[in-house]
Every structure is written in structure tokens, then in C-alpha cells.
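Trainee: Take a look at the following structure, please.
The values are calculated or read from the model by the stated rules, or taken from the named source; none is laboratory data. Just so you know, these numbers come straight off a predicted model, no measurement behind them. Reconstructed Cβ throughout: ideal geometry from the backbone, glycine too, with neighbour counts over all protein chains shown. Side chains included, ligands, DNA and RNA excluded: accessible areas come from the protein's heavy atoms. Shrake-Rupley method; radii C 1.70, N 1.55, O 1.52, S 1.80 Å.
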Amino acid sequence: MSKGPLAVRWGAPPRAALQAGTTTIVSVELTNAGALPWGDQVVLASHWLDDRDNPIHWDGPRNEVPRLAPGESASVEAAIRVPIPPGRYRLAFDMVAELRAWFSELGSPMLAYDVEVGPRAGEPNAALPAGVEPAPDWAERVRAAHAEGFGVVAGAIDWRGSLLRRPPRELARYAPGTGRVPGFSSPLLCPSVLPGVELEPVGDIAGLPAFAAPQGEPWVYDGRIVLRIRR
């Protein structure tokens, strides 16, 4: 039964193996249950909720939907960005009429269901130049951050055991610290990168390869993840 001019009826919840921090494609079955045909401005999106249906991340990637007359159905391949860190979430699909309203605001229920988000898989890769070696806990910390969902993991540079009499000025911002630095604005030095992630090189800093932080991929800078200069 129609719930108004703009309404949707959902099929069974799509099931997929979800890994933290990744973009995953799922197939969503839906029907135009309203009184108006859907045009180009009607699209499918998703939200992530906690176990009390409070928003954790609202308004995920937009996904095009075929033009559907009232009563017509379609299967839509929808991209979703899986949250960080792994754990139990509620995934909710919702239709939106751009510049007008979410269907759920008009009385048409979302397709919301519980999902388990697993750790992100993939073998880390960091090309370390000669004279640079990881701290004893570097590999453990890097793997833990990747498993949390970050495709790119970068950390600090420790020059105190090197032959340098004074720390290079360019490395002052990369001194080991106590934790993560949100919105770290400098290039990433010698980062660990999961397969399939491409970084833009921006030259060298104090002789170390530097890369721009990715735009469409989760990444983290953590001052506890330390590489040591020995040359």
C-alpha cells in the first residue's frame, strides 16, 4: 500500500562480507510504492546507526536508481562506505529526493538491519629506503591500524640514533608522539599501504619518500608508529 507520493518498498536485506574502511557493492531490491514516478533526482543512499538507531554516519554515497513508475521494481547495485572500526552496526538504506527530502522523513521506513563489520584484510607494504628501519613494535602497530580499516598508515621519524648531530628541520613535525594526529596536514613519509591503494608522490623530505594523503581512502598518522634513521 502506498504511503504517499514518495514511498519505497524494500526487498530482503542484502548480505555481504563487510570489512572496515572499504567501499563495498551490494544489490538492493526496491519498488516504487508511492503515487509519483521516480526521476533523475531520486537516488539511493545509506546510513550507519548504532544499536539504538542513533546516526553514526549519515548520508553515504549516492547511487543512481532507474526511472520507476508506481509499482515498478528494480535491483540496484549500491556502493556503501563501511565504517571504522570493526564491530556491530546497523546498516540503513534510504531513498532521497534531492533538494526535497529523505523518504524516511516522509513516513516511508528505511531498510535497517544489524550487520557485523570485520577487520580489513590485506598485506601491508612499506618501501623503506636504506638506512631506515622500523621500531620493534612498528609492524604490530601498522597491522592493527590496517585491520581497523585504514588503507594507508604513516608514522613518525626518529633520528636520535643516527649520525645526524641535529635533527633536520624538515622532520621536526614528524617527531615521535603519544598517539594519532587528526587532520595531519603534512605529507606522509614511508607509509604502509594496502594492495589496491595508490598514493601521489610529492618528492622527498630530508631524503625520505613523501606522499600526499589520499582523498578517497581512510588513512591515519600515528606518532607511536616509528621509523628510525640509522644512516
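Trainee: Tell me the angle of helix 138-148 to the major Cα principal axis of the chain, expressed in degrees between 0 and 90 and rounded to the nearest ten.
Mentor: 10
Trainee: Right, another one. Given the convex hull over the Cα atoms of region 44-105, what projected area results after averaging over all orientations, in nm²?
Mentor: Mean projected area of the Cα convex hull: 5.1 nm².
Trainee: From the convex hull of the Cα coordinates of region 110-203, what is the mean projected area in square nanometres?
Mentor: Dividing the Cα hull surface by four gives the mean projection, 8.9 nm².
Trainee: Across region 222-229, in residue order, what do the Karplus-derived ³J(HN,Hα) couplings come to in whole Hz, using 6.51 cos²θ - 1.76 cosθ + 1.60 with θ = phi - 60° and x for Gly and Pro?
Mentor: Values per residue, Gly and Pro as x: 9, x, 7, 8, 10, 10, 10, 8 Hz.
Trainee: What number, rounded to the nearest 500 deg cm²/dmol, is the helix-based mean residue ellipticity at 222 nm of the chain, given -39500 (n - 2.57) per DSSP H run of at least four residues and division by all its residues?
Mentor: Value at 222 nm, helices only: -1500 deg cm²/dmol.
Trainee: Which whole-angstrom value gives the distance between the alpha carbon centres of region 2-81 and region 180-231?
Mentor: 35
Trainee: Moving on. Taking the convex hull of the Cα atoms, report for region 3-66 its projected area averaged over all directions, in nm².
Mentor: 5.5
Trainee: Separate question: What share of all Cα pairs of the chain, in percent, falls into each consecutive 5 Å distance bin?
Mentor: Computed distribution, short to long bins: 1, 6, 13, 15, 13, 11, 9, 8, 7, 6, 5, 3, 2, 1, 0, 0.
Trainee: Mind checking which of Gly223, Gly118, Val26 is farthest towards the positive end of the chain's charge dipole, using Cβ charges of +1 (Lys, Arg) and -1 (Asp, Glu) about the Cα centre?
Mentor: Farthest along the dipole direction, towards plus: Gly223.
Trainee: Starting from region 86-184, pick out the trypsin sites (Lys or Arg not before Pro) whose DSSP state is loop and whose Cβ has at most 13 other Cβ atoms within 10 Å.
Mentor: Arg100, Arg160, Arg165
Trainee: Between Asp53 and Ala35, what is 0.36 nm times their sequence separation minus the Cα-Cα distance? Round to one decimal in nm.
Mentor: Contour length minus the Cα-Cα distance gives 3.7 nm.
Trainee: Can I ask one more? Given 10 Å bins starting at zero, what is the percent of C-alpha pairs of region 11-125 in each, up to the one with the largest pair distance?
Mentor: 13, 46, 29, 10, 2, 0
Trainee: Treating the beta-carbon of each Lys and Arg as +1 and of each Asp and Glu as -1, no other charges, what is the dipole magnitude of the chain about its Cα centre, to the nearest 20 debye?
Mentor: The calculated dipole for the chain is roughly 920 debye.
Trainee: Highest mean first, what order results for 33-42, 55-64 on Cβ atoms within 10 Å?
Mentor: So the order, starting with the most tightly packed, is 33-42, 55-64.
Trainee: To the nearest 20 Debye, how big is the dipole of region 25-110 about its Cα centre, given +1 on the beta carbon of each Lys and Arg and -1 on that of each Asp and Glu?
Mentor: Computed charge dipole of region 25-110: roughly 140 debye.
Trainee: Got a number for carbon plus sulfur as a percent of region 8-56's accessible area, 1.4 Å probe?
Mentor: So the carbon and sulfur contribution to the accessible surface is 50 percent.
Trainee: Just to confirm, what accessible area per residue do you get for region 46-185 at 1.4 Å probe, in whole Å²?
Mentor: Per-residue accessible area for region 46-185 comes out at 56 Å².
Trainee: Still on this structure, I have one more. Tell me the carbon and sulfur percent of the accessible area for region 75-231, rounded to whole percent, probe radius 1.4 Å.
Mentor: 51
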